[in-house]
Amino acid sequence: MSAIYPGSFDPITNGHIDIARRGAAIMGRLIVAVLDNPHKTPLFTVQERVDLLRKIFLEDSNIEVEAFSGLLVDYAKKKNIRAIIRGLRGSDDLAKEMPYGIWNRQLSAGEVETIYLTATPALAHISGSIVKEVATYDVMAIASMVPSVVLSALKDKLR
Ligand code: ADP
């Protein structure tokens with residue numbers, strides 16, 4: 001079975017990587033899908049994020065990386081995939097994720113289900129936005145939260 005793990009991944013953190021690998025292990029095949037969101041101004045372009053993700057998952061034969069835009073259910077339909085993976089760090093994520101899960105089920109007439117994986121406790125405090133904020137002041141402070149390719153990319157971007 002295949003699943004889509006969608007997100008902004010701006011940038012990808014060790015928390016995202018953990019969810020992606022665990023998702024791929026139970027589903028069989030996972031597409032990490034970078035949302036091209038015209039309403040957000042990201043730090044990394046979609047192409048930069050796709051390139052970073054492809055480097056990180058180079059050796060994971062069950063993980064692919066793509067960009068998508070538009071409605072997630074339309075992308076899922078196009079790919080013929082019925083499962084979405086999302087990560088839950090705590091009650092805030094649950095409150096935010098629930099309506100999306102319901103919407104995606106309704107919009108797809110019950111075809112697309114969302115499967116939630118709980119965060120690994122040691123990684124549950126990591127978020128792309130806090131990583132970006134802290135890195136602006138002290139890039140080395142986030143060294144243990146992102147893979148080395150992302151740390152280098154952040155150093156270049158924030159120089
Ligand atoms: P979005 O912009 O849609 O919130 P993100 O790139 O922030 O997407 O995150 C994608 C998914 O990964 C979301 O389901 C989010 O809850 C999950 N996630 C983010 N960080 C972590 C983490 N540290 N541990 C587990 N799941 C996480």
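The values are calculated or read from the model by the stated rules, or taken from the named source; none is laboratory data. None of the values given here were measured: they were computed from a predicted structure. A quick note on method: Cβ atoms are made from the backbone with ideal geometry, for glycine too, and the neighbour counts reach across all protein chains shown. SASA here: full protein model, heavy atoms, side chains in, ligands and nucleic acids out. Shrake-Rupley method; radii C 1.70, N 1.55, O 1.52, S 1.80 Å.
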- Query: Here is a list of conditions, (1) closer than 18 Å to Asp10 by Cα; (2) without any contact (Cβ under 8 Å) to a residue 24 or more places away in the chain, and Arg105 meets all of them except one; can you say which number that is?
  - Reply: (1)
- Candidate set from region 67-107 (those that are in a loop (DSSP other than H, G, I, E, B) and more than 13 Å from the ligand (Cβ to nearest atom)); member that is most open to solvent (accessible area, probe 1.4 Å): Asn80
- Message: With assigned to a helix (DSSP H, G or I) and surrounded by 11 or more Cβ atoms within 10 Å (Cβ to Cβ) as the only criterion, which of Ile126, Ile130, Ile115 stands out?
- Response: Ile130
- Message: Can you confirm whether Ser61 is of a type in the set (Ser, Thr, Tyr) and in contact (Cβ under 8 Å) with a residue 12 or more places away in the chain?
- Response: no
- For region 51-64, enumerate the residues that are away from the ligand (no atom under 13 Å from the Cβ) and either open to solvent by less than 70 Å² (accessible area, probe 1.4 Å) or not in a loop (DSSP other than H, G, I, E, B) (or both). Asp51, Arg54, Lys55, Ile56, Phe57, Asp60, Asn62, Ile63, Glu64
- Task: Please determine, by comparing only the residues of region 110-153 that are more than 10 Å from the ligand (Cβ to nearest atom) and out of contact with any helix residue (DSSP H, G or I) (no Cβ under 9 Å at 6 or more places or on another chain), which one is nearest to Ile56 (Cα to Cα).
- Result: Ser148
- What are the residues in region 6-32 that are open to solvent by less than 20 Å² (accessible area, probe 1.4 Å), near the ligand (Cβ under 9 Å from one of its atoms) and farther than 14 Å from Arg49 by Cα, if any? Gly15, Ile19, Ala20
